[in-house]
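Quick notes on the structure that follows.
The values are calculated or read from the model by the stated rules, or taken from the named source; none is laboratory data. Values in this document were obtained by computation on a predicted structure and should not be read as measured data. Virtual Cβ from ideal backbone geometry, glycine too; neighbours counted across all protein chains shown.
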Amino acid sequence: MTKTITKGWLNHQILPIMTKSDITDHIPKRLWPHFQEYDPSSLNLEKDAILIIQRTLEFGDWDELRWLFRIYGKARVQTFLSEHGERMLSVVTFNYWRKLLGVNKWRSSPFPTSKGELWDR
């Protein structure tokens with residue numbers, strides 16, 4: 001049995017659940033293990049937005065995704081997907097979010113192999 005997700009699903013399932021108390025000026029502590037090469041407490045939400053969006057879409061749970069959409073908004077995440085998504089996310093994650101958010105045009109990677117693959121199989 002296939003479950004169909006409508007475009008309005010995101011607005012009804014993620015966005016209305018958040019309150020102003022969900023907004024913080026730092027990355028949620030449960031995401032910190034995904035920023036091992038950085039000091040998460042010193043990351044700037046504006047300057048490091050591409051990195052934060054990438055790691056949260058790839059590794060975040062529902063609470064962290066709610067936080068992400070509250071901080072950056074749906075339009076900013078769509079822009080990330082169209083400009084950086086194919087190169088910075090796994091194929092599965094990119095296609096999931098691209099389809100869910102209705103991103104139909106994106107900047108293709110200049111590299112012939114997928115992220116994480118070094119050689120042709």
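Structure notes:
- Residues (closer than 17 Å to Met88 by Cβ, in contact (Cβ under 8 Å) with a residue 12 or more places away in the chain and of a type in the set (S, T, N, Q)) located in segment 33-64: Gln54, Thr56
- Tabulated pairs, segment 90-109, first without any contact (Cβ under 8 Å) to a residue 24 or more places away in the chain, second assigned to a helix (DSSP H, G or I) and of a type in the set (Asp, Glu), C-beta under 9 angstrom, 6+ apart or interchain: Phe94/Glu86; Arg98/Glu86; Ser108/Glu86; Ser109/Glu86
- Residue in segment 75-91 that is at pLDDT 90 or above, in contact with a Gly (Cβ under 8 Å, 6 or more places away or on another chain) and more than 24 Å from Ser108 (Cβ to Cβ) present: no
- If you go through segment 42-60 and keep only what is more than 16 Å from Thr79 (Cβ to Cβ) and not in a loop (DSSP other than H, G, I, E, B), you end up with Ser42, Arg55, Glu58, Phe59.
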